[in-house]
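Working notes, structure below.
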Amino acid sequence: MTRPAPVTVTLGGVYFDGHSSRDRAARLTLGPVVTLFLDGETHSFTPAELSVDPPLPGVRRVMRLPGGARFETTDFAPLLAWERAAGRNRALRGVAWLEGRWGSALGAVALACALLGAFVVWGIPALAAQAARATPRDVLASFDEQTLRVLEERDLIGPSGLTAERQAQLQREFRQVQAWAGGGYPYRLLLRDGEPAGDLGVGANAFALPNGTIVMTDQLVALARSDRELLGVLAHETGHVTRRHGLATVYQGLGLGLVGTLLTGDLVSSTSFAAAVPAAILRGGYSRAAETEADRVAADFMLGRYGSTRPLQDILTRLDAQEGDRGTDRGSWLDLLRSHPITRERVAALKALDAR
């Protein structure tokens, strides 16, 4: 493809000297030599000394002259012909062409919305996971302590009502999971009442904090029909710790701005983090990928110790029935919108691991 032959065009417009807002009528000839006709005088300079701003729909074209002056014109067609011949603003002319057409403009908006949606669905979780991996270990202990304080102040948990003998038994059994989990975390099991102020607490529940603190409630202990069920739950929670699912969930919930500060090394305060944990972990739940990964960790423990994941399947099903989740009985198109797996899917996955 040959380059267009050089052309010479003359444009009518207004001139600004760069020192005042007063405009003056002028003409500008573009060719091998650029000539400005102003107030009966001519001023010449080379095309290399001229810069042409990119086109904007409905706005006068601006050409910047030596010394800070500029020439503005609405003679778009001849200027465009000169630009094509001179090879000026090729890419930006294409942008202007797209901006001047409704179809391309609407398509660009749709593309931007799609990219934004993809970033929210995949980009933010990926950044949150990266921020979780980058959080230093020495920060995690403070997160745990502050989070427990928030949970207690809001009456979401309280002192355990289990007997000292029962608590000691559960602590001994937890040491099996603690020794197995690894990862170098200072695991500890805290037994707490999940309903210290009535139904407003966390109820029958177990959850892990970032530094390896695992809270298990009296209500969950009462719901279990064997300690094997409880150990399966505890092994599941250690999976969340070692994979840093809790950190990633909270960072994602707190938003992209927080993730950005973490990636640049400006760590969020433990108080701000702690205030977000109850909503992010206890109510929001983990993602499908996180729950599936933690279930596999628990399955490794259960299969290694007992040869079956059945105890974990049973307590998950019982918890689901207690919470009144009808999603375990039949599927729904709404299941596609869930960010966390429903219980029937988790139980089916555990059964599949048993079958292997």
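The values are calculated or read from the model by the stated rules, or taken from the named source; none is laboratory data. Predicted model, so just to flag it, every value in this text is computed and none were measured. All Cβ positions, even for glycine, are placed from backbone atoms using ideal geometry, and neighbour counts span all protein chains on display. Remember, those area values only see protein heavy atoms, side chains included, never the ligands or the DNA or RNA. Shrake-Rupley method; radii C 1.70, N 1.55, O 1.52, S 1.80 Å.
Candidates in the range 41-61 are the residues that are hydrophobic (A, V, I, L, M, F, W, C) and under 20 Å from V7 (Cβ atoms); of these, the one that is most open to solvent (accessible area, probe 1.4 Å) is A48.
I'm trying to understand the selection: among the residues of the range 23-32, which are at pLDDT 90 or above and exposed (fewer than 15 other Cβ atoms within 10 Å of the Cβ)? Listed by number, the residues that qualify are D23, R24, A25.
Quick check: is even one residue across the range 115-129 assigned to a helix (DSSP H, G or I), open to solvent by less than 60 Å² (accessible area, probe 1.4 Å) and either modelled with pLDDT of 85 or more or of a type in the set (S, T, Y) (or both)? Among the residues of the range 115-129, not one is assigned to a helix (DSSP H, G or I), open to solvent by less than 60 Å² (accessible area, probe 1.4 Å) and either modelled with pLDDT of 85 or more or of a type in the set (S, T, Y) (or both), which makes the answer no.
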